[in-house]
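The values are calculated or read from the model by the stated rules, or taken from the named source; none is laboratory data. Treat the numbers as computed from the prediction; the structure is a model and nothing was measured. Note: ideal-geometry Cβ built from the backbone for every residue, glycine included; neighbour counts use all protein chains shown. Keep in mind that these areas ignore ligands, DNA and RNA; they rest on the heavy atoms of the full protein, side chains included. Shrake-Rupley method; radii C 1.70, N 1.55, O 1.52, S 1.80 Å.
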Amino acid sequence: EAGVAQSPRYKIIEKRQSVAFWCNPISGHATLYWYQQILGQGPKLLIQFQNNGVVDDSQLPKDRFSAERLKGVDSTLKIQPAKLEDSAVYLCASSRGGPNEKLFFGSGTQLSVL
Amino acid sequence: SQQGEEDPQALSIQEGENATMNCSYKTSINNLQWYRQNSGRGLVHLILIRSNEREKHSGRLRVTLDTSKKSSSLLITASRAADTASYFCATAAGTALIFGKGTTLSVSS
């Protein structure tokens, strides 16, 4: 089966600019996650979707980050405006269901904010 | 919020040796999972152990879970250079999977 697709692979922007990341999960996977991974740390959950509804966005900085999953398939994560501390790898993952299922990860988008 | 904490932070061994990584967590869990991440790549699922299981094997991997101590260990036997990666434990207590900070394993030939 095709894996989780993410684009772009790399992005370099200046602070205060906006950026968007795209994720296409594995076909049929109901749950989609966005994680932020800062260098040397483990992934931190930003938002979790179940189909096209938000299950958990408690750690999403909502003043600058937004995410949507239209039609319960693809998802986009946006940052506007970006700050230096947003430099990280943004990982998308999907699974068939809830936390008792294993997650399949994309390769991530590496964001550098200058 | 951080749930799992891996120990050690870094581990260097020779090919053929065994590698053991530990994970401690704070709250009750439904299951615990281990993932591997090669440099510059996404995470790959290795093994899932449910809260009512004590030990699980998959190839050269052996995972144990002690819910009374809130801890788990991952043993990689007969390590290979290709096992060089970061290893993360992740715990599911509610709706989401929360990852620890990871153990970086270096296997030299």
Average beta-carbon neighbours from other chains, 10 Å sphere, peptide A:83-92
1
Need the per-residue list for the range B:37-83: every residue with at least 50 Å² less accessible surface in the complex of protein chains than in the chain by itself, probe 1.4 Å, sorted by number.
B:L43
With a 1.4 Å probe and all protein chains left in place, how much accessible area per residue does the protein assembly as shown have, in Å²?
48 Å²
Let's see if you can work this out: charge +1 on each Lys and Arg Cβ, -1 on each Asp and Glu Cβ, no other charges. What is the dipole magnitude of chain A about its Cα centre, in debye to the nearest 20?
180 debye
Rounded to a whole number, the Stokes-Einstein D of chain B in µm²/s (Kirkwood radius over Cα pairs; 10 °C; 1.306 mPa s) is 115 µm²/s
Give the relative contact order (percent, whole number) for chain A; include only Cα pairs under 8 Å separated by 6+ residues.
37 percent
Those residues in the range A:6-44 that give up at least 30 Å² of accessible surface, probe 1.4 Å, once the partner protein chains are present instead of the chain by itself are A:R9, A:Y35, A:Q37, A:G42, A:P43
Along Cα→Cβ, 7 Å out, is where each label goes; now give me the distance between the ones at A:S112 and A:W22 in nm to one decimal.
2.3 nm
So what is the diffusion coefficient of chain A in µm² per second by Stokes-Einstein at 25 °C and 0.890 mPa s, using a Kirkwood Rh over Cα pairs?
176 µm²/s
Per DSSP, loop trypsin sites (Lys or Arg not before Pro) in the range A:1-70 with at most 13 further Cβ within 10 Å:
A:R9, A:K15, A:R16, A:K62
Would you work out what percent of the accessible area of the protein assembly as shown, with all protein chains in place, is carbon or sulfur (probe 1.4 Å)?
47 percent
Furthest towards positive pole of dipole, A:N52, A:W34, A:Q6, structure part the protein assembly as shown, Cβ charges:
A:N52
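Return the value, in Å² to the nearest 100, of accessible area buried between chains B and A (probe 1.4 Å, both sides summed).
That pair of chains buries around 1600 Å² in total.
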